[in-house]
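Take a look at the structure below.
The values are calculated or read from the model by the stated rules, or taken from the named source; none is laboratory data. Here the structure is a predicted model, which means the values were calculated and not measured. Cβ sites come from the backbone with ideal geometry, for glycine too, and all protein chains shown count toward neighbours. For the accessible areas, the whole protein counts, side chains as well, though only heavy atoms, and no ligand, DNA or RNA atoms are used. Shrake-Rupley method; radii C 1.70, N 1.55, O 1.52, S 1.80 Å.
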Amino acid sequence: MKAIVIGAGIGGLTTAIALRERGIGVEMLEAAPQLRTTGTGLGLGPNAVAVLAALGIDLADGSVGQVLEHFELRTDKGKLMRQLPIRDIVTELGAPFVNLHRNDLIAVLRAAAGNVAITFGAAVERYDVTVDGVSVTCADGRTASADVLIGADGIRSVVRAQRAGSETINEYGYVCWLATIPFEHEHLTTGYAGHYWGRGQRFGLIDIGGGNAYWWGTKNLGIVGSRSWQGSTSDVLAAYDGWASEVSDVIAATPDSAVVAVPAQDRSFVDTWGEGPVTLVGDAAHPMLTSLAQGAGSAIEDGYVLAHCLATTADPTLALRRYEDARRERTRTLVANSRRLSRIEQIDNPVASTLRNFGIRYTPMSVVKRQNMDPLRFDLPIN
């Protein structure tokens, strides 16, 4: 059996690795001229770390990124609202949280993919279902064929668009600023992650190892303002005037060129991801907001489950439908809960935000622990 994977991001590379481990041939097509290096940081929960470990990729050994040791929720002024019981959570789930640079994860995945061929500069324009499987045609006229086609080409997936037609991208009226820089601060201890909650805006400061920090910020700017933001670091700094010192210090230390600005976006969840020998993984299938930090993790899960279904089902088309059935309810829940949490996080009303912070402080720890663990529970399929 042979599969074509469209897109060489986290979901595509993980899918390719999992397929190869199952003895399935893989060809990857990537529209970009090389592996993308424009990312910033990300966090992988125990669910994703466990999947990668099952594929022989150990992110807990300290060779890349930083294992999360302390997670705190603070007010915009830096007052502690809640510490999450990270040690209890990872002990129960059996794997750690790991924070790292996206480029480092891509490099690790590319190395693990070994001799899997990636053709860069191959922008796929369409696919055609054939008697023998599926063929794809690229913008430059190149073609490729295989038994199955897997679209891992992101929220603006060409593969998804051919099946589903024109779809609206949902926008939520806030911008996300992201950056990764060398940074030291007394509050940025080893393995630290702090989320700071204000009115209509938030901030995250995370240790990703090697003396580097990953920070992100959000602010309600309206749909047009969030989509078209083209400011500077000084503008971001002004947006966090009066916040905790570590927040203003890390922004001030960031050059303009290091800041990535993206609007908060997802798509409406769809039950049908593919047709015949075609399916989707990751953001192509179920793009979600960042609130649960499960975009990359769910894509990693997808790749593993997809390879399992193809390896254990004789009919490739049936295998793809089995994969979609196995993933549908979990990813639907992640998309919906990411939206729900996003609304709470971005509250601008002063009374509502005060009540929100009160809930963060005084909700029973058993409830807090359960709410944070539920998105992280994932059982690897067993042969």
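See the values below:
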item	result
Extension reserve of the LEU35-LYS77 stretch, reckoned as 0.36 nm per residue once the Cα distance is removed	11.2 nm
26 Å Cα cut-off, lysine pairs counted over the chain (separation 8 or more, or different chains)	4
Heavy-atom surface of region 28-93, accessible at 1.4 Å and reported per residue (Å²)	45
Where only C-alpha atoms are counted, convex hull volume of region 164-203 per residue in Å³	141
Region 167-270: relative contact order in percent, alpha carbon pairs under 8 Å with at least 6 residues between	40
Average accessible area per residue (Å²) across region 201-247 - probe 1.4 Å, nucleic acids and ligands excluded	39
Unit charges on C-beta of K, R, D, E only; dipole of region 63-112, Debye	200
The chain, accessible surface, carbon-and-sulfur percent (1.4 angstrom probe)	51
Solvent accessible area, Å² - LYS219, 1.4 Å probe, full protein context	50
Global form of region 102-243, assessed from the alpha-carbon gyration tensor, a/c cut-off 1.5	oblate
Between region 269-296 and region 155-187, the alpha-carbon center distance in angstrom	13
Antiparallel bridges, percent of DSSP beta bridges restricted to region 15-130 (to nearest 5)	70
Exposed GluC sites (Glu not before Pro) absent: longest stretch of the chain, with sites in DSSP loops and at most 14 other Cβ within 10 Å deemed exposed	187-383
Per-residue [θ]222 nm for the chain (sum of -39500 (n - 2.57) over DSSP H runs n ≥ 4, rounded to 500)	-11000 deg cm²/dmol
Rounded to the nearest 10 Å², the accessible area of ARG20 at probe 1.4 Å	80
Charge dipole (the chain, unit charges on Cβ, about Cα centre) - positive-most of CYS309, ASN220, ALA238	ASN220
Student exercise, the chain dipole from Lys, Arg, Asp, Glu Cβ charges, in Debye to nearest 20	880
Environment charge at TRP216 (Cβ cut-off 13 Å; Lys +1, Arg +1, Asp -1, Glu -1)	+2
Most positive-pole-ward Cα, TYR174, ILE347, LEU289, against dipole of the chain from beta carbon charges	ILE347
For the chain, the spread of Cα positions along each principal axis, largest first, Å	64, 43, 36
Percent of beta bridges antiparallel (DSSP, region 68-204, rounded to nearest 5)	75
Rounded to the nearest 10 Å², the accessible area of VAL124 at probe 1.4 Å	20
Heavy-atom accessible area per residue - region 146-190, 1.4 Å, Å²	44
Fraction of beta bridges assigned by DSSP in the chain that are antiparallel (%, nearest 5)	70
